[in-house]
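Novice: After the structure tokens below, expect a handful of questions from me.
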Amino acid sequence: MGRSRRTLPEELLLLALDPTTGTTAQPQSLDLGLAGAQLVELALAGRIAPDGDRIAVVMPRPTGDPTLDSALELLRRRGSPVRAVHWIGGPRLGLRQIYLSHLERCGMVHAVAGHMCGVLPTTRYQATDTAISRDIRARLDSAIRTGVPPDPRTAALAALAHAVGLGKHLYPGNEGRSSRSRLRDLIRHDPMGGLVAHAVMDVQNGVAAQPRRNATAPSGGGPQPTGVPMQPRHGSMARVAAH
């Protein structure tokens, strides 16, 4: 899997990153969205496939991306298909911070140290190339504006953005209401993205214990930007969330 194309977790994180403040919108749900984005990326790479509301490994060969390959290996060790909602709702080790550090190493963001309330050390992240974030946003805007069914990658990104509540961050106010509605509707254009997005919303709604029935997509919540508390660096990107 080459690095000529950004992965869905990277794109979702850049989409959530406020270019002015250097904070991420919806920080609590974003970890869930990043875990879901890993599943979609692995599906696009042909490594996993949906099996009802479960995820099955169909090709265990590594992709070449350390974070994705760690997730793939954990899925493989399960030995049988796992429900998407259980995978996404599993314990997190901070995928948001892992991916922020990864983007910093790739030169796509740079860290700015500071303090919250003058005491708590924080790190904010500024994009080094805003054209990348504009390109990601433009893909969503085009899908919303034209009504043309988007490609699976863009459809999955839209589904995940809605699921973690980025709608009001991307399209705020009353003037953005119709765009938020169309963003939600894009969830139907990619089966894998839809499955994962619904699983993310189920985890947030506390309904992960039961199989999904007659699922509908609720409207996304508003963003709650916040600084990222400074954390110790991970020694390897392979230390992905233990699901």
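The values are calculated or read from the model by the stated rules, or taken from the named source; none is laboratory data. All values reported here derive from a predicted model rather than from experimental measurement. Here Cβ is always computed from backbone atoms with ideal geometry, including for glycine, and neighbour counts include all displayed protein chains. Note: areas computed on protein heavy atoms with side chains; ligands, DNA, RNA excluded. Shrake-Rupley method; radii C 1.70, N 1.55, O 1.52, S 1.80 Å.
Novice: Could you give the distance between the Cα centres of the range 103-142 and the range 25-80, to the whole Å?
Specialist: Each part's Cα centre sits 24 Å from the other's.
Novice: Taking square-rooted eigenvalues a ≥ b ≥ c of the alpha carbon gyration tensor, is the range 36-154 rounded, prolate or oblate, where a/c under 1.5 means rounded and, failing that, a/b exceeding b/c means prolate?
Specialist: Oblate, because a/c is 1.5 or more while a/b does not exceed b/c.
Novice: While we're on this one: Per residue, how much accessible area does the range 44-142 show when a 1.4 Å probe rolls over the protein heavy atoms, in square angstrom?
Specialist: For the range 44-142, the solvent-accessible area averages 48 Å² per residue.
Novice: With each pseudo-label sitting 7 Å past Cα toward Cβ, what's the Thr21-Ala111 distance in nm, one decimal?
Specialist: That separation, rounded to one decimal, is 2.1 nm.
Novice: To continue, here is another question. Heavy atoms only, 1.4 Å probe, whole protein assembly: order Val109, Val203 by accessible area, highest first.
Specialist: Val203, Val109
Novice: Determine which residues of the range 43-79 fall in the zone a paramagnetic label at Asn205 would reach in this model, i.e. backbone nitrogen under 19 Å from the point 7 Å along Cα→Cβ.
Specialist: Taking a point 7 Å out along Cα→Cβ of Asn205, the residues of the range 43-79 whose backbone N falls under 19 Å are 53-54.
Novice: Which residues in the range 62-101 have a backbone N closer than 20 Å to a point placed 7 Å from the Cα of Asp51 along the Cα-to-Cβ line?
Specialist: 62-63, 69-90
Novice: Place the peptides 169-179, 10-20, 70-80 in order of packing, highest mean first, counting for every residue the other Cβ atoms within 10 Å and averaging per peptide.
Specialist: Output ranking for 169-179, 10-20, 70-80: 10-20, 70-80, 169-179.
Novice: Set the Förster radius R0 to 25 Å, insert the Cβ-Cβ distance between Arg78 and Arg188 as r into 1/(1 + (r/R0)^6), and round the FRET efficiency to 0.05.
Specialist: Approximately 0.30, to the nearest 0.05.
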